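Structure, as structure tokens:
The values are calculated or read from the model by the stated rules, or taken from the named source; none is laboratory data. Fair warning: this is a prediction, and the values are worked out from it, not measured in the lab. Counting neighbours? That spans all protein chains shown, and the Cβs are built from the backbone with ideal geometry, glycine included.
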Amino acid sequence: MQKTFTALFLVTAVFVNVNAFEPFTEARKVLAEIVKLGKTTYSFFQESCDDSWIDFNSTGLQVDLEQKFFGQHIASKVLLKAITDFANNKTPKKPLVLSLHGLTGTGKSFVSQLLASNIYKKGMSSSFVHQFVATVHFPYSSEIDIYKTQLQQWIKGNVSSCARSMFIFDEIDKMPPGLIDSIKPFLDYYDNQDGVSYRRTIFIFLSHAGGERIKQVAFEFWENGKDREEIQLSDLEEKVPLEVFNNKYSGLWHTSLIDKYLIDFFIPFLPLEYRHVRLCALAEMAIRNMEPDEDIADKVAKDMMYSPQEERVFSSKGCKKIASKLVYYK
Ligand SMILES: Nc1ncnc2c1ncn2[C@@H]1O[C@H](COP(=O)(O)OP(=O)(O)OP(=O)(O)O)[C@@H](O)[C@H]1O
Ligand SMILES: [Mg+2]
């Protein structure tokens with residue numbers, strides 16, 4: 001009796017309103033919604049090569065350079081201008097190529113991180129930011145031919161997946177001489193090569209080459225009682241490329257990147273003084289959520305080695321190792 005009633009009810013329901021409830025259609029709809037939601041969630045978290053993940057923040061970079069980057073008035077000015085112009089140019093003729101020069105601990109790697117974090121939402125962790133360290137990736141001069149091929153393939157592959165990639169070459173002065181020339185075709189004024197355009201890519205070279213020359217100029221200013229901020233790019237912009245071009249161990253020795261003018265900016269990093277080291281110590285305290293302690297900052301700065309030996313003007317290691325010294329004085 002019960003069964004007959006149920007069957008009757010179902011048949012009636014189907015005849016009365018076929019659209020009342022269609023389990024398969026509904027389930028499909030729900031499934032489609034779940035897939036859609038999944039896709040949205042995935043693209044929300046999954047980095048992609050578009051404006052939602054790559055968006056240059058000019059004000060952010062300016063503020064970071066003003067507040068976090070000490071003693072580098074030339075580098076700050078040139079970097080901000082170079083990146084802003086490049087980012088605003090929708091049809092650049094070539095990729096942006098920056099070469100950063102200075103002694104150890106003056107902020108070359110640090111500023112590269114600031115640049116990356118104001119261009120890519122994921123900063124240095126972005127899958128579009130690629131870093132090569134000469135001593136790690138290209139340690140053997142004898143392997144130069146293999147490195148050349150690998151480097152070209154790596155760059156081509158990455159730029160074809162995302163034109164707005166950034167490549168940072170650290171320690172180029174330790175690269176086998178001639179290796180950097182293998183990327184010359186990518187830095188040139190070509191529309192595209194094998195269907196890949198490099199015009200929206202950023203290449204950054206970091207090296208110590210030219211650092212001693214920069215220090216010499218900074219010291220001359222100091223000796224003549226001139227303000228460090230009076231040093232202009234024009235005081236160094238010819239000296240640095242000349243020096244690195246003629247130095248076999250600069251990574252840019254006799255490179256066609258220089259004589260074909262493919263490097264857009266040579267950016268000098270000045271050696272840091274006592275007052276900058278103090279600022280680095282205070283900045284490190286802020287990062288560690290410590291109360292700013294001027295006395296500790298003084299102790300840390302005093303504990304650094306300075307050169308020249310007699311005048312003790314420039315910190316020999318710049319702001320390197322400040323973090324570990326802070327632990328000691330805390
Ligand atoms: N000009 C600077 N302004 C602020 N902090 C700095 C500056 N220079 C260095 N620092 C601090 O010191 C640390 C070490 O500096 P960084 O690694 O950038 O030096 P570098 O120039 O890349 O040296 P190297 O040539 O040895 O690689 C940075 O992480 C940063 O905390
Ligand atoms: Mg570095």
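Annotations
- Selection from region 271-281 of residues that are within 22 Å of D227 (Cβ to Cβ) and of a type in the set (A, V, I, L, M, F, W, C): L272, V277, L279, C280
- Members of region 84-96 found to be without any contact (Cβ under 8 Å) to a residue 40 or more places away in the chain and crowded, with 18+ Cβ neighbours inside 10 Å, listed by number: A87
- Set F266, F219, F203, F186: member being in contact with a strand residue (DSSP E or B) (Cβ under 9 Å, 6 or more places away or on another chain), farther than 22 Å from K77 by Cβ and not charged (D, E, K, R): F186
- The listed residues are S99, S112, and the only one of them that is assigned to a strand (DSSP E or B), within 14 Å of ligand 1 (Cβ to nearest atom) and in contact (Cβ under 8 Å) with a residue 24 or more places away in the chain turns out to be S99.
- In region 284-326, the residues that are over 30 Å from N224 (Cβ atoms) and in a helix (DSSP H, G or I): E284, M285, A286, I287, E294, D295, I296, K299, A323, S324, K325, L326
- Unique match (being among the charged types (D, E, K, R), under 21 Å from A82 (Cα atoms) and in contact (Cβ under 8 Å) with a residue 60 or more places away in the chain) among E212, E229: E229
- Complete set of residues in region 255-269 that are crowded, with 16+ Cβ neighbours inside 10 Å and either in contact (Cβ under 8 Å) with a residue 60 or more places away in the chain or part of a strand (DSSP E or B) (or both): T255, L257, L262, I263, D264, F265, F266, I267, P268, F269
- Selection of region 52-75 for residues being within 19 Å of F205 (Cβ to Cβ) and either crowded, with 22+ Cβ neighbours inside 10 Å or more than 9 Å from ligand 1 (Cβ to nearest atom) (or both) yields Q72, I74, A75.
- Tally of residues being closer than 11 Å to P95 by Cα and of a type in the set (V, I, T) across region 160-204: 3
- Residue, farthest from ligand 2 (Cβ to nearest atom), within region 134-185, restricted to residues that are in contact with a Leu (Cβ under 8 Å, 6 or more places away or on another chain) and β-branched (V, I, T): I144
- Residues of region 97-125 that are away from ligand 2 (no atom under 16 Å from the Cβ) and buried (at least 20 other Cβ atoms within 10 Å of the Cβ): V97, N118, I119, Y120.
- Condition check for K248: modelled with pLDDT of 85 or more and outside the structural domain of Y306 (by TED's automatic domain parsing): no
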